[in-house]
Amino acid sequence: MGRALRWLSIRDRSEAELRRKLREAEVAPEQIDATLERLRSLGYLDDERFARSRARALLGRGRHGPRAVSSKLAQAGLARDSVAQAVSEAMASCDELAMARGVIDRKYPQAPGNPDARVRAKAMRFLLGRGFNASVARQAVRSPKDS
């Protein structure tokens, strides 16, 4: 219980993450189950809350698009429905195109409107790798006056 509380005091975690960390610390499976149940009953462990706060934090930084955030949440062991709901709620307060343009302005400031298609394609691939939708990436690398 002490280890789990220490890890939760650093940052909120999903149940799957905590279970994995306790297994790696060679805690007995019965103790893991009992610990996780106790943490849930105390309100310290809540996957829904974790999904919402993590999605808001990741999207709020503006470095990743919704697909990348969904992938990160799924890697944390969250259910697909929880992930979709959390990302949807977090995106309600975000402008994906503005986020993509911010990423491009930092990484490839020469890309928007550049006559060289290779430069625009490189910037677009970067955005796709960061989890932005293809249509948003396409708009972000267009010339600002084209939008």
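Remarks
- Sequence-distant aspartates and glutamates (8 or more away, or on other chains) whose Cα lies within less than 19 Å of LYS72: ASP12, GLU15, GLU17, ASP46, ASP47, GLU48, ASP81, GLU89, GLU96
- Between the Cα long axis of helix 96-107 and the first principal axis of the chain there is an angle of about 80°, rounded to the nearest 10.
- Label-point separation in nm, VAL119 to ASP46, each point 7 Å along Cα→Cβ: 4.9
- Kirkwood hydrodynamic radius of segment 43-101, from inverse mean 1/r over distinct Cα pairs, in Å: 11.3
- Axis angle, to the nearest 10 degrees, between helix 117-129 and the longest C-alpha principal axis of the chain: 20 degrees.
- Counting only protein heavy atoms and a probe of 1.4 Å, the accessible surface of segment 4-139 is 47% carbon and sulfur.
- Dipole magnitude of the chain, debye to nearest 20 (Cβ charges: Lys/Arg +1, Asp/Glu -1, about Cα centre): 800
- Degrees separating the helix 29-42 axis from the principal Cα axis of the chain, which is the longest one: 70
- Counting only protein heavy atoms and a 1.4 Å probe, the chain has 59 square angstrom of accessible area per residue.
- q = 0.09, 0.12 Å⁻¹, the chain: log10 I(q)/I(0) [Debye, one scatterer per Cα]: -0.39, -0.59
- Lys/Arg +1, Asp/Glu -1 at C-beta; the chain dipole; positive extreme among VAL119, TRP7, ALA140: VAL119
- Virtual paramagnetic centre 7 Å along Cα→Cβ of LEU5, amide N under 15 Å, in segment 43-81: 43-45
- In this simple spin-label model, placing a label point 7 Å from the Cα along the Cα-to-Cβ direction at both GLN85 and GLN31 gives a separation of 3.3 nm.
The values are calculated or read from the model by the stated rules, or taken from the named source; none is laboratory data. Since this is a predicted model, take the numbers as computed values, not measurements. Positions of Cβ are backbone-derived with ideal geometry, glycine not excepted, and every protein chain shown enters the neighbour counts. For accessibility, only protein heavy atoms count, side chains too; no ligands or nucleic acids. Shrake-Rupley method; radii C 1.70, N 1.55, O 1.52, S 1.80 Å.
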